[in-house]
Amino acid sequence: MKILAFAGSTSSTSINRELVKFVLKDFQNEEINLIDLNDFDMPVFSVDREKKGFPDEAHHFLKVIEDCDVIICSLAEHNRSYSAAFKNVFDWASRINVKVFQNKLMFLMSTSPGGYGGGNVMNTAKTFFPQFGADIKETFSLPKFYENFDLESGVINPEMLKDLKTKIESFKNEIGNS
């Protein structure tokens, strides 16, 4: 099983990347491609720029999706929406292939320092990602990251950890049956 994993952030201290890395510990027997959105830096999308052609990085992003079996991602929330970096990669890629996620099974997550845990971006993604080829099988949102997560131990809130582990097992069952 080939897993593509990423955080929807370019921050060097991304809390969403930390959540992804924690979840990936439950998939150690799988082939994992943990990508960094910084490797997909492109000009800000516009139809004028599109007329000049598509950046190689947009094609590369679609290729890494094509080469995986499942996607595990955690979206950063900026001003109640996707981060500008993720949105730009997504916009370019969707102009090449509207089914950006290519019907791959997805475990979709979000986290934030606040009490809503990136819930706004999560709700947006749950609504729109399926229209762009994501087959979302599980979702998880971690509120109050700095209170509920330790960089060495991972999720430290027992109830949230139990919920996450249940969802990981459910996702494993889904990908095992596909």
Could you please give the count of residues in the stretch 130-162 that are surrounded by fewer than 15 Cβ atoms within 10 Å (Cβ to Cβ) and not hydroxyl-bearing (Ser, Thr, Tyr)? 10
I need the full set of residues from the stretch 106-119 which are touching a Phe, Trp or Tyr at 6+ places or on another chain (Cβ under 9 Å) and surrounded by fewer than 20 Cβ atoms within 10 Å (Cβ to Cβ), in order please. Pro113, Gly114
When every residue in the stretch 130-154 that is of a type outside the set (S, T, N, Q) and in a helix (DSSP H, G or I) is compared, the one nearest to Leu75 (Cα to Cα) is Phe145
Going by the structure shown, is Val64 open to solvent by 10 Å² or more (accessible area, probe 1.4 Å), under 17 Å from the mean Cα position of the chain (by Cα) and among the β-branched types (Val, Ile, Thr)? yes
Answer from Phe45, Phe86, Phe90, Phe61 - the residue that is in contact with a helix residue (DSSP H, G or I) (Cβ under 6 Å, 6 or more places away or on another chain) and not in a loop (DSSP other than H, G, I, E, B): Phe61
Within the stretch 42-60, is even one residue touching a Phe, Trp or Tyr at 6+ places or on another chain (Cβ under 8 Å), open to solvent by less than 20 Å² (accessible area, probe 1.4 Å) and closer than 18 Å to Val20 by Cβ? no
Answer with yes or no whether Thr127 is within 26 Å of Asp91 (Cβ to Cβ), assigned to a strand (DSSP E or B) and open to solvent by 20 Å² or more (accessible area, probe 1.4 Å). no
How about the stretch 40-61: which of its residues are of a type in the set (Val, Ile, Thr) and within 14 Å of the chain's Cα centre (by Cα)? none
Being under 26 Å from Lys25 (Cα atoms), acidic (Asp, Glu) and open to solvent by less than 80 Å² (accessible area, probe 1.4 Å), is that true of even one residue in the stretch 89-97? no
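The values are calculated or read from the model by the stated rules, or taken from the named source; none is laboratory data. Predicted model only: the values in this text are computed from it and were never measured. Here the Cβ is made from the backbone with ideal geometry for all residues, glycine too, and neighbour counts use every protein chain on show. Just the protein is used for accessible areas: all its heavy atoms, side chains included, with ligands, DNA and RNA removed. Shrake-Rupley method; radii C 1.70, N 1.55, O 1.52, S 1.80 Å.
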